[in-house]
Amino acid sequence: MALDERDFFNNKNETRTDKLTCPRCKRVNDYQMRWVVRTRKERIPPGADERDRALFAKLRDYMIRVDDSVTCKTCGKKFDIPSQHSMVFLQQGAD
């Protein structure tokens with residue numbers, strides 16, 4: 001039986017700040033957003049087959065954004081965060 005992707009990663013919740021522009025009032029503010037940071041485990045989990053070993057060798061660390069929308073600090077209206085920023089690959093040795 002093949003391993004699930006969750007078996008290859010350690011998950012950590014993190015809050016990061018980003019500058020976003022409100023589409024209604026056009027003001028730029030800093031907003032706190034929640035992310036799940038997935039870092040690859042040091043070793044492949046036991047019970048892995050050849051397919052799992054090949055997949056594990058190609059895996060990279062990444063972050064997935066949990067929050068889909070924020071409330072504007074100026075006008076108070078809720079707006080969606082652009083979806084192209086919902087997953088980000090991390091550089092080796094960087095946070």
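Applying the Karplus relation 6.51 cos²θ - 1.76 cosθ + 1.60 with θ = phi - 60° to the stretch 70-77 yields 3J(HN,Hα) values of 9, 9, 4, 6, 9, 9, x, 8 Hz, where x marks Gly and Pro. Between residue 86 and residue 9, the modelled label-to-label distance comes to 1.4 nm, taking each label 7 Å out from Cα in the direction of the beta carbon. Tell me which of 33, 79, 57 sits at the most positive position along the dipole axis of the stretch 5-89, charges placed on C-beta atoms (Lys, Arg +1; Asp, Glu -1). Checked the options; the winner is 79. Helical content of the chain, expressed as a calculated mean residue ellipticity at 222 nm, amounts to -2500 deg cm²/dmol (DSSP H runs of 4 or more residues, -39,500 (n - 2.57) each, divided by residue number, nearest 500). Between residue 17 and residue 60, the C-beta separation translates, for a Förster distance of 25 Å, into a calculated FRET efficiency of about 0.60.
Of all lysines in the structure, the ones whose alpha carbon falls short of 30 Å from that of residue 26, not counting any fewer than 8 places away in one chain, are 73, 77, 78.
Between residue 73 and residue 27, full extension at 0.36 nm per residue minus the direct alpha carbon distance yields a gain of 15.7 nm.
Think of each Lys and Arg Cβ as +1 and each Asp and Glu Cβ as -1; about the Cα centre, that makes the dipole of the chain roughly 560 debye. Summing Lys and Arg as +1 and Asp and Glu as -1 over all other residues whose Cβ lies under 11 Å from the Cβ of residue 65 gives a net charge of -2. The GNM of the chain, with springs linking C-alpha atoms under 10 angstrom apart, assigns the highest mean-square fluctuation among 66, 37, 28 to 28.
Computed from the coordinates by the stated procedures, all read-outs in this text should not be read as laboratory data. Bear in mind the structure is a predicted one, so any value in this text is a computation, not a measurement. Methodologically, a virtual Cβ is constructed for each residue, glycine included, from the backbone with ideal geometry; neighbour enumeration extends over all protein chains shown.
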